[in-house]
Every structure is written in structure tokens, then in C-alpha cells.
Amino acid sequence: MDTIYLLPGEERYVDFRDANGVPKVHYTYCSIRGKLFNCTCCTKAEAQRLCEDWLVKQDRCYIN
């Protein structure tokens, strides 16, 4: 797989089929703080929902 460089706030997704021919999406997002989120899901919408959940958890870590 190619190296992916993302700017903060940028997302990238790649549609592909797994070994069984099932359509999947590999989703990558770079947070404003520069942390990467990666996942593989059945749809882009599902991947974005998981990313939003992850972002909420990340923000909780920065609350003073």
C-alpha cells in the first residue's frame, strides 16, 4: 500500500473488494492535532461515524 500524507482535517478513502468480493472502504482521517484514524468498513458513512466517535473520545483527552 502507498504511503499517504494527510494535512490536519483531511480525509481519504479507498473503495476495494475483499478476498470474498465484498465491497469495502479503507478510511483514513488526520485530526486537527495530527493524530491518524484508520479503519476498514462496509461503507464510507459507517467509517465516518466511527471516526466521529473516535474524535469525541480524543477531545475528551484534552479537556482540562
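The values are calculated or read from the model by the stated rules, or taken from the named source; none is laboratory data. Given the structure is predicted, the values throughout are model-derived calculations rather than measurements. Please note: Cβ atoms are built from the backbone with ideal geometry, for glycine as well, and neighbour counts cover all protein chains shown.
Details
- Cβ-Cβ contacts under 9 Å between residues 6 or more apart (or on different chains), taken from a first residue in the stretch 14-35 that is surrounded by fewer than 10 Cβ atoms within 10 Å (Cβ to Cβ) to a second residue that is assigned to a loop (DSSP other than H, G, I, E, B) and modelled with pLDDT of 95 or more, are listed as Val22/Cys42.
- Total residues in the stretch 32-64, condition at pLDDT 90 or above and either in contact with a Leu (Cβ under 8 Å, 6 or more places away or on another chain) or in a loop (DSSP other than H, G, I, E, B) (or both): 7
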